[in-house]
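A.B. asks: Okay, handing you the structure first.
The values are calculated or read from the model by the stated rules, or taken from the named source; none is laboratory data. Bear in mind that the values here come from a model prediction, so they are computed numbers and not experimental data. Reconstructed Cβ throughout: ideal geometry from the backbone, glycine too, with neighbour counts over all protein chains shown.
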Amino acid sequence: MLKTLNELLLPFRSCFSRQATFGWFVVIVVGFMLRSDHLGVTSVIRDLSLNGRCYETLLHFFRSSAWSLPSLQQMWLQVVRRSAPLLVIQNRVVLVGDGMKQAKEGRRMPGVKKLHQESENVSKGEYIFGHLFGAIGILAGDSRKWFCLPLFMNLQDGIQTILGWKKTDHDPQTPSHVVQMIEQGFEAAKGFGQALLLLDRYFLSVPALQRLEACHSGSEARMHLVTKAKSNVVAYERPPAKKPGRGRPPKKGKAIKLKELFSTRAADFQTATVLLYDKEQDVQFLCLDLLWGQGWYQELRFVLVVLEGRCSILVSTDLTLAATDIIRLYGYRFKIECTFREMKQVIGAFGYRFWSKSMPKLNRFLKKEEAHPLEAVKGEQHRCRIEQTVQAIEGFVMCQCIAMGLLQLIALRFSDRTPGLFFRYLRTPSLAVVSEATVAAYLRKSIFRLFVQNPHLSITKIIKSKQVPSNVDEDSLAS
């Protein structure tokens, strides 16, 4: 297991200009994978028995200029493409995208803004102050279990002013969250050539479709969307081939309220058995190719689905994709929500506390027409410190994405070969592939034994070089 972890981490050496920085990266990722609490980098020091003097260096790593976030993301993309058993549909990998809101109360933390939460859970506030992340993952696994491996996560709101410091007047403005998700997904798709991107209904919009077409015009890679439409969606038939009389030919035909088709065309629905949420279910569906988007009128494939009395309308930009495939694929979209849960609860992926004195204090009552306090920051040194803090936040989350992905890859590869992974009691155990939490618990229990068994590995030498020497007492070091 440790040999596999060593093989997966060694390619990241090219992302760092110095060997020492790469060593700290290895320490941080391994520490995130097995730490027993979520109390910052101190938990990494405790669970790996590192020297207490490493604390300041671990913090400095995230603001270091010896690495860049884009290079780290691209290398992680290559590692996943080379090592993960990916789900492939018609020679296309399956990506999953979604936004994630994390509550943060830091008054001098960049990117914190007021966010609205749509939730039926009364324990979650309707409005919070925090960060909005955009995430792209990829489905990997086999018929026993599918994971959503996180590829990218970055801040997509609240930092427009900071990003604008490096732009000229001719550069385009920072796009919306929806458009950024399309760009981020297409960036991942370019690493695989062709891809399908699963999104929820929030992302079905004309700007998203326009941005997707613009991405296709400048690249050989191809990406199609599979998403969901709102219940009140209106589509249009194709216009007649020839328009009688004078005037401009119409761009659309008759308007159709798709919600009404569940009753008016109930006799046209077909029945099929589809694998949904790890079990076979009988669904009724009706597949239609219609125009959608006010002023845009792109032809999309709509699939009206009836499952256990519930009606849904699924959408795909790929007109060749079978209706049953669209239904099955959208059932995988929830995998990214499972990944968010594991990242929060198992490895504490969003437990960062980076802030800067150069950052103006958060104004909780700032009005839309008022200038943002960041616009008053003019000094180059202050701007640099704020940008480094944003880098630290996104770098911290990116390292957590890599740590979570490694846990998932180990679970897929060693569930059959390592009986020790089934060491702890579970009320409903998985007999096929263990969870990320089980792998983390196993590593936490066995990591030092694995170090002793594999002293020649690079990962072992790096971590042992930063541990407290066995003949030196920590109390004497502190004194």
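A.B. asks: From the residues in segment 409-419 that are over 13 Å from residue 443 (Cα atoms) and touching a helix residue (DSSP H, G or I) at 6+ places or on another chain (Cβ under 9 Å), which one is modelled with the lowest pLDDT?
C.D. replies: 415
A.B. asks: Given the criteria closer than 30 Å to residue 280 by Cβ and at pLDDT 90 or above, does residue 342 qualify?
C.D. replies: Spelling it out, residue 342 is indeed closer than 30 Å to residue 280 by Cβ and at pLDDT 90 or above.
A.B. asks: Filter the helices (runs of 4 or more DSSP H) completely within segment 13-109 down to those with at least 3 residues that are closer than 30 Å to residue 469 by Cα and touching a helix residue (DSSP H, G or I) at 6+ places or on another chain (Cβ under 8 Å).
C.D. replies: Answer list for segment 13-109: 19-34, 42-47, 55-61.
A.B. asks: Moving on to the next point. Among 260, 280, which is farther than 26 Å from residue 143 by Cα, outside any loop (DSSP other than H, G, I, E, B) and of a type outside the set (A, V, I, L, M)?
C.D. replies: Going through 260, 280 in turn, just one is farther than 26 Å from residue 143 by Cα, outside any loop (DSSP other than H, G, I, E, B) and of a type outside the set (A, V, I, L, M): 260.
A.B. asks: Quick check on this structure: which one of 9, 50 is within 21 Å of the chain's Cα centre (by Cα) and not β-branched (Val, Ile, Thr)?
C.D. replies: 9 is the lone residue from the list that is within 21 Å of the chain's Cα centre (by Cα) and not β-branched (Val, Ile, Thr).
A.B. asks: Being without any contact (Cβ under 8 Å) to a residue 12 or more places away in the chain and either assigned by TED's automatic domain parsing to the domain that holds residue 262 or not acidic (Asp, Glu) (or both) is the requirement here; does residue 242 meet it?
C.D. replies: The answer is yes for residue 242.
A.B. asks: Is it the case that residue 132 is assigned by TED's automatic domain parsing to the domain that holds residue 413, of a type in the set (A, V, I, L, M, F, W, C) and without any contact (Cβ under 8 Å) to a residue 12 or more places away in the chain?
C.D. replies: no
A.B. asks: Within segment 165-174, is even one residue assigned by TED's automatic domain parsing to the domain that holds residue 69, at pLDDT 85 or above and buried (at least 16 other Cβ atoms within 10 Å of the Cβ)?
C.D. replies: No.
A.B. asks: Follow-up question, since we're still on this one. If residue 339 satisfies every condition in (1) among the β-branched types (Val, Ile, Thr); (2) assigned to a helix (DSSP H, G or I); (3) farther than 18 Å from residue 96 by Cα but one, which is the exception?
C.D. replies: (3)
A.B. asks: Out of the helices (runs of 4 or more DSSP H) lying entirely within segment 429-479, which hold 2 or more residues that are modelled with pLDDT under 85?
C.D. replies: Ranges flagged: 474-478.
A.B. asks: A further question on this structure: Report every pair of residues separated by at least 6 positions or lying on different chains whose Cβ atoms are under 7 Å apart, first residue within segment 289-310 and closer than 15 Å to residue 239 by Cβ, second of a type in the set (Val, Ile, Thr) and crowded, with 17+ Cβ neighbours inside 10 Å.
C.D. replies: 290/256
A.B. asks: Turning to a different aspect of this structure: Residue 219 - would you say it is of a type in the set (Gly, Ala, Ser) and within 24 Å of residue 116 (Cα to Cα)?
C.D. replies: So residue 219 does not fit the description; no.
A.B. asks: So which residues in segment 318-340 are of a type in the set (Gly, Ala, Ser) and surrounded by 21 or more Cβ atoms within 10 Å (Cβ to Cβ), if there are any at all?
C.D. replies: 323
A.B. asks: Also, I was wondering about something else. Write out, first by first residue and then by second, each pair whose Cβ atoms fall under 6 Å of each other, whose residues are 6+ apart or on separate chains, and whose first residue, in segment 264-288, is assigned by TED's automatic domain parsing to the domain that holds residue 299 while the second is assigned to a loop (DSSP other than H, G, I, E, B).
C.D. replies: 284/269; 286/269
A.B. asks: Can I ask one more? Just one of the numbered conditions (1) touching a residue at least 24 places away in the same chain (Cβ under 8 Å); (2) over 21 Å from the mean Cα position of the chain (by Cα) is not true of residue 81; which one?
C.D. replies: (2)
A.B. asks: Here is a further query. Any residue at all in segment 284-305 that's surrounded by 12 or more Cβ atoms within 10 Å (Cβ to Cβ) and farther than 26 Å from residue 205 by Cβ?
C.D. replies: Among the residues of segment 284-305, at least one is surrounded by 12 or more Cβ atoms within 10 Å (Cβ to Cβ) and farther than 26 Å from residue 205 by Cβ, which makes the answer yes.
A.B. asks: Sort out which residues of segment 341-353 are out of contact with any Phe, Trp or Tyr (no Cβ under 7 Å at 6 or more places or on another chain) and crowded, with 19+ Cβ neighbours inside 10 Å, and write them in order of number.
C.D. replies: Of everything in segment 341-353, those that are out of contact with any Phe, Trp or Tyr (no Cβ under 7 Å at 6 or more places or on another chain) and crowded, with 19+ Cβ neighbours inside 10 Å turn out to be 342, 343, 346, 349, 350.
A.B. asks: If only one of 147, 192 is in contact (Cβ under 8 Å) with a residue 12 or more places away in the chain and either assigned to a helix (DSSP H, G or I) or under 13 Å from the mean Cα position of the chain (by Cα) (or both), which one is it?
C.D. replies: Result of the check over 147, 192: 147.
A.B. asks: Among the residues of segment 205-226, write down those that are surrounded by fewer than 18 Cβ atoms within 10 Å (Cβ to Cβ) and part of a helix (DSSP H, G or I).
C.D. replies: Matches in segment 205-226: 206, 207, 210, 213, 214, 216, 217.
A.B. asks: Out of the residues in segment 233-289 meeting the condition of being small (Gly, Ala, Ser) and closer than 22 Å to residue 316 by Cβ, tell me which one is modelled with the lowest pLDDT.
C.D. replies: Filtering segment 233-289 for residues that are small (Gly, Ala, Ser) and closer than 22 Å to residue 316 by Cβ, the one modelled with the lowest pLDDT comes out as 253.
A.B. asks: Any residue that is more than 20 Å from residue 391 (Cα to Cα) and surrounded by fewer than 19 Cβ atoms within 10 Å (Cβ to Cβ) - is there at least one of those in segment 55-71?
C.D. replies: No, segment 55-71 contains no residue that is more than 20 Å from residue 391 (Cα to Cα) and surrounded by fewer than 19 Cβ atoms within 10 Å (Cβ to Cβ).
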